[in-house]
Amino acid sequence: MGSIIDGRVAASAIKEEIKTFVEKAKLEKGRIPCLATVLVGNDGGSIYYVNNQKKLCDELGVENRHVILDETIAEEELLEVVHSLNNDETVDGVIIQLPLPKHIDEKKITSSLNYKKDVDGLTDINLGKFYKGEDCFVPCTPQSILHLIKTTGVKLQGKHAVVVGRSNIVGKPAAQLLLNENCTVTICHSKTEELKKVCSSADILICALGKPEFITEEYIKEAAVVIDVGTSRLNGKMKGDVLFEEAIKKASFITPVPGGVGAVTTVMLIKNTCEAMKKNVY
């Protein structure tokens, strides 16, 4: 029977770091870190995430400015909003909540953000720096994945890590972070042959495919570390990509859903905002 990696416990330690920095910023700079959140339209998932940001910022003493825009806003108007935030010296970090409405070019908007304020690591500059191994902001979900793995004490060097999912915001950057830790990494996707066989060879299995309870015990190597990034509604309950009740019998460590990766991701966003203030103001 495996051990549960409690994301809430991991998040608590990071929260204490943030609180310490906020108090220091108040004393030394006379202000607190500020995260600006741009929300276009009324996507339910985005609203839920933005509300969580606000709640957590209030808890940690960080300012959170909400810029809520109508779904019909023109692309040029949205660009003006982003440029305004880029030039606002009192704003340390900016997150543009995705997805954006279909008439807006997401890449164009995210690329227009000042990379020094891009606390979710979505700009071309930050992504380029990331894959070149330079100092930058790392996307928050992959950053949370690596942090949770490290809390287990498992040594990463030389381990075979399998990432199921190749999205630009989770799968690919998670794979790169594991490469940086000297893992041997395999990325799987919808066209991968013998997926079960590949997954069952993994010492570390990252599941980010968006199919509730798809990964059963047959996909899991004995004593593997299993990180479940999935969040789907199934019969009115939040479920991950992993069938938890089966997987925990074989895994050495496993994240639950909810209470795993998601519990750390928003905290990482706020931590990155503090880092942005530190880099740009101190």
statement: With a Förster distance of 41 angstrom and the Cβ-Cβ distance between Arg31 and Asn180, calculated FRET efficiency to the nearest 0.05 equals 0.75
field: Mean-position separation - Cα centroids, segment 57-122 and segment 155-215, in angstrom
entry: 30 Å
- line: Residue span Ile47 to Glu222: 0.36 nm per residue of separation minus Cα-Cα distance leaves a gain in nm of 59.1 nm
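So what is Rg over Rh here for segment 140-262, counting just Cα atoms and using Kirkwood for Rh? Working shown, then result.
Values: Rg = 12.8 Å, Rh = 13.9 Å.
Reported Rg/Rh (Cα atoms, Kirkwood Rh): 0.92.
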Derived scalar couplings ³J(HN,Hα) [segment 169-185; Karplus, 6.51 cos²θ - 1.76 cosθ + 1.60; whole Hz; x for Gly, Pro]: 9, 10, x, 5, x, 4, 4, 5, 4, 5, 4, 4, 8, 6, 7, 8, 10
Average projection area in nm² (convex hull over Cα atoms of segment 1-147, one quarter of hull surface): 10.6 nm²
- line: Once amide hydrogens are built 1.01 Å from N within the peptide plane, the residues lying 5 or more places from Ser167 or on another chain with amide H under 5 Å from its amide H are Lys172
query: Between the helical axis of 7-29 and the dominant principal axis of the chain, each derived from Cα atoms, what acute angle in degrees is found, rounded to the nearest 10?
result: 20 degrees
message: Restricting to DSSP H runs of at least four residues, report the calculated mean residue ellipticity at 222 nm for the chain, -39500 (n - 2.57) per run over all residues, nearest 500 deg cm²/dmol.
response: -13000 deg cm²/dmol
- request: Please give, to one decimal in nm, the separation of the simple spin-label points placed at Ile4 and Glu106, each 7 Å out from Cα toward the Cβ.
  value: 3.2 nm
task: Using θ = phi - 60° and the Karplus relation 6.51 cos²θ - 1.76 cosθ + 1.60, list the HN-Hα couplings for segment 142-159 in order, rounded to whole Hz, with x at every Gly or Pro.
output: x, 4, 5, 4, 5, 4, 5, 4, 5, 5, 6, x, 5, 6, 8, 4, x, 6
Links that overshoot a 26 Å alpha carbon limit, given the list Lys26/Lys107; Lys197/Lys250; Lys19/Lys150: Lys26/Lys107
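Per-residue counts of other Cβ atoms within 10 Å, averaged by peptide: what ranking do you get for 242-248, 67-73, highest first? Show your work: numbers first, answer last.
Details: 242-248: 20.0, 67-73: 13.6.
Final packing ranking: 242-248, 67-73.
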field: Antiparallel bridge percentage (DSSP; both residues within the chain; nearest 5)
entry: 10 percent
query: Of the listed peptides 9-22, 218-231, 119-132, what is their order by residue-averaged count of other C-beta atoms within 10 Å, with the highest listed first?
result: 218-231, 119-132, 9-22
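Averaging over all projection directions, find the projected area of the Cα convex hull of segment 191-232 and quote it in nm² with one decimal place. Mind dumping the intermediate values first?
Numbers: hull surface 11.4 nm².
Average projection, Cα convex hull of segment 191-232: 2.9 nm².
If the only charges are +1 at each Lys and Arg Cβ and -1 at each Asp and Glu Cβ, what is the size of the charge dipole of segment 29-115 around the Cα centre, to the nearest 20 debye? Each step should come with its number before you reach the end.
Numbers: 8 positive and 15 negative charges, 67 e Å.
In debye, rounded to 20, segment 29-115 gives about 320.
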- prompt: Against the longest alpha carbon principal axis of the chain, how many degrees, from 0 to 90 and to the nearest 10, is the axis of helix 44-60 turned?
  reply: 70 degrees
statement: For the chain, the longest principal axis of the Cα atoms and the Cα long axis of helix 261-281 enclose an angle in degrees, to the nearest 10, of 40 degrees
- line: Sorted by chain and then number, the residues having a modelled amide H within less than 5 Å of the amide H of Thr186, at least 5 places away or on another chain, are Ala161, Val162, Val163
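Read-outs throughout are calculated quantities, based only on the coordinates presented, and are distinct from any laboratory measurement. Computed from a predicted model, the values in this text were never measured in an experiment. Neighbour counts are summed over all protein chains in view; Cβ atoms, including those assigned to glycine, are modelled from backbone coordinates with ideal geometry.
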